[in-house]
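Here is the structure we will look at, set down as structure tokens.
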Amino acid sequence: MPGSAEVLDALATLLVARGHCEPRSIERARRISAESGQRLDAVLMHLGLVTERGLAEAHAALLGRPLAGAGRYPAEPILPERLAARFLRQARALPVAREGGVLTVALADPLDAFTPAAIAAATGLSVQVEIALPIELEAALDRLYPSVETGEAAAPAQAEPLEEDAERLRDLASEAPVIRLVNQMISRAVESGASDIHVEPFEDRLRIRCRYDGVLQVVDTQPAHLAAAIISRLKIMARLDIAERRLPQDGRIRLAVRGQEVDFRLSTVPSLHAETVVLRVLDQSAIEFDYAQLGLPARVVERLSAALALPNGIVLVTGPVGSGKTTTLYTALLGLNAESRKIITIEDPIEYRLPGITQIQVKPQIGLSFASLLRNIVRQDPNIVMVGEIRDLETAETAVTAALAGRLVLSTLHTNSAAASIPRLRDMGLEDYLIASVLRGVLAQRLVRRLCPHCRRPAEAPAALVAEFGLDRRPGWQGPRLWQPVGCARCRNTGFRGRLAIAEFLALDANLERLVFSRADHGEIERAGIAGGMVTMLQNGLDAALAGTTTIDEVLLSVRAEA
């Protein structure tokens, strides 16, 4: 094998050629490597200039060694009597298979020649190396060797977290094992595609759960006495007051996780045993602001785009919390963004940074509410304004005024369907003639889990289900076949991977305007919308199920109020 300097030069060339890194980033890392004495690949990772997976794939291609996948790790430790857990953790290595006299070892650092030699000497076996993704290797080590120290020395068992002073909490949170534990928890959540992390203290344990595709799963538990140290560490990272444990607090964290800059929104709330913490993962690299990626049906996108092309008026996106309203609005804004347009958003909170768009954070404590900000930014002469949410009459009236003044206003509303948004605005106190004058359209949506394309399987549709929803009369019907989840390593054995939006779009026409003036109820408005070409969320969801992207159960669960 050529010298390590030659290998690192070849690695840098390969990273650039594969698009994992830019040439100027390589040059920056080279300078830091020369000054610090650290290896070039380590500097690239620490600076967040290359992703962990990108680096591992480049190492594998360069050295001609296989990349160990998540399913490669064994169910039980291999040769635990000869290879100590502490050694494996420090070496970042793990045996994954033994065949005769050959031991295959997954290694996080493929340029480490000492560890394979040490393992060969300890076991008397020939060692073959596979390249490990560090996040997967660490998860396997934690699963196979759960008793290895995770920071138990950081807080004595007799400690009383609620009685410790701020200085003691700061000391606990600064212990290396606690820092490592928190960093690993965050890294694993980001790598595995979690949308948020829940840190929940109980009397006998600290439970850590992650939300995947809208469903919470337990990913780890820690001893109860570590709760104060872990929670304090998270609060320090978010620049919160660690001495304040009686009141809720909110903060943000920005970290380079596995080579990617990721934002986290952190919320703490006092509970019975300690503070419960939730981190919302705002990983912009994992979000694609594209209607097709969101799963919106083409016919819905067409009607939405027609409304967004109008020079003025109000376009609403409705749905419950967590239904993807903000992501849809961001997608719309990026599609409208141009040098010739001034776009301003008013948000609470700002979730993602949109290039070329002015974003403003609501701060009610100093009088910056949605309504007051909207009144003031109209003087900035924007073409398009996005208001995070219409919550009250004042905000609704201010949005209407902006629309009547020639602005296109985008906002969200909490209703169960597109048609229900009109009675909701009326209930807020908005006059019917104003609703009819400015409302251009309403998109209502839900998120349903996507079937994992790698393990889904066909299943015969029950006759009762076919008859109830008229599935055999739908364009996508292919006989008595639907699709069901199975579960595999790629979808964490859930059968689902990712989510898609099912939606309906209500466009106001002359007939609907007459119904608004006559104070028609939700049902009449919905029937008129369907007559005018609106396809309901349920119908769009059934089409998605017939196409094999989700299941009937997922659709019914999300729109059961309408079903």
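Bear in mind that the values in this text are calculations on the coordinates, not laboratory data. These figures come from a predicted structure and were not determined experimentally. All Cβ positions, even for glycine, are placed from backbone atoms using ideal geometry, and neighbour counts span all protein chains on display.
Worth pointing out:
- Of all DSSP-defined beta bridges confined to the chain, some 65% are antiparallel rather than parallel.
- Taking 4.7 Å between beta carbons as the limit, the unpaired Cys residues of the chain are Cys21, Cys210.
- Helix 176-191 axis, angle to the chain major axis (alpha carbon atoms, nearest 10°): 50 degrees
- Charge dipole (Cα centre; +1 on Lys/Arg Cβ, -1 on Asp/Glu Cβ; no other charges) of the chain amounts to roughly 900 debye.
- Taking Cα atoms only, the orientation of helix 393-404 departs from the longest principal axis of the chain by about 70 degrees.
- Each part reduced to its alpha carbon centroid, region 363-417 and region 466-485 end up 43 Å apart.
- Over all other residues within a Cβ to Cβ distance under 14 Å of Val215, the charged ones net out to +3, with Lys and Arg as +1 and Asp and Glu as -1.
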